[in-house]
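See structure below.
Since every read-out is calculated from the coordinates, none of them should be taken as a lab result. This structure is a prediction, so every number in the text was calculated from the model and none was measured. For neighbour counting, all protein chains shown are included, and Cβ atoms are generated from backbone atoms with ideal geometry for every residue, glycine included.
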Amino acid sequence: MSSSLILRDPGHLILTIRQHRVILDTDLALLYGVTTKALNQAIKRNLERFPESFTFQLTAKEKQEVVTNCDHLQRLKFSPALPWAFTEHGALQAANVLNSPAAIRMSVELINAFVRLRQMILSVEELARKVNTLEKKYDTQFKVIFDAVRQLMQPPPEPPRKKIGFHV
């Protein structure tokens, strides 16, 4: 399977293992343009950056199950090594310890995304402050309008019900 095919459809690479959505080391290495061995060596050199919530090693039984259920992982069938599984946080952290062009691009894009997110949060907070200021400023002038709108938002009163049955 070529790495360009994987990059076009990475969704099939995501597995659920131990109630975590993960990507295996072999697939992550292809995405970052490095060998699985190079990925695992970089992780081992930086273990303090990868707590168990970021990555964990599969058991022999888990490895057998993924090889059986995932066609693209058949190449792992005869490998003596147990694969490592990376959660979303681990996959992103791996980009920080690798030196491949794809990993570097991922790290830069991640930082850019956080900067954009921070800017969006600040602009929403600023908008909320402006709305609050306007509401305080014009509340007395438009109190009648606000009251009318609030009344319109109330459900209409129920009409009196007719009594059913015989009345004496």
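So for Asp71, Asp25, fewest C-beta neighbours within 10 Å to most, what's the order? Before the final figure, lay out each step's value.
Numbers: Asp71 9, Asp25 25.
Going from least to most buried by this count: Asp71, Asp25.
Which loop-located chymotrypsin sites (Phe, Trp or Tyr not before Pro) does the stretch 38-100 contain, where loop means any DSSP state but H, G, I, E or B and the Cβ has at most 11 other Cβ atoms within 10 Å?
Working: sites: Phe54, Phe56, Phe78, Trp84, Phe86; in loops: Phe54, Phe78.
Filter output for the stretch 38-100: Phe78.
Reachable lysines from Lys63, Cα under 22 Å, same-chain residues fewer than 8 places away excluded?
Once the sequence-local lysines are set aside, what remains near Lys63 is Lys37, Lys44, Lys77.
Considering only DSSP beta bridges whose two residues both sit in the stretch 3-99, what percent are antiparallel, to the nearest 5?
100 percent
With 10 Å bins from zero, work out the P(r) of the stretch 3-99 over every alpha carbon pair and list the percent per bin.
The percentages, shortest bin first, are 16, 54, 30, 1.
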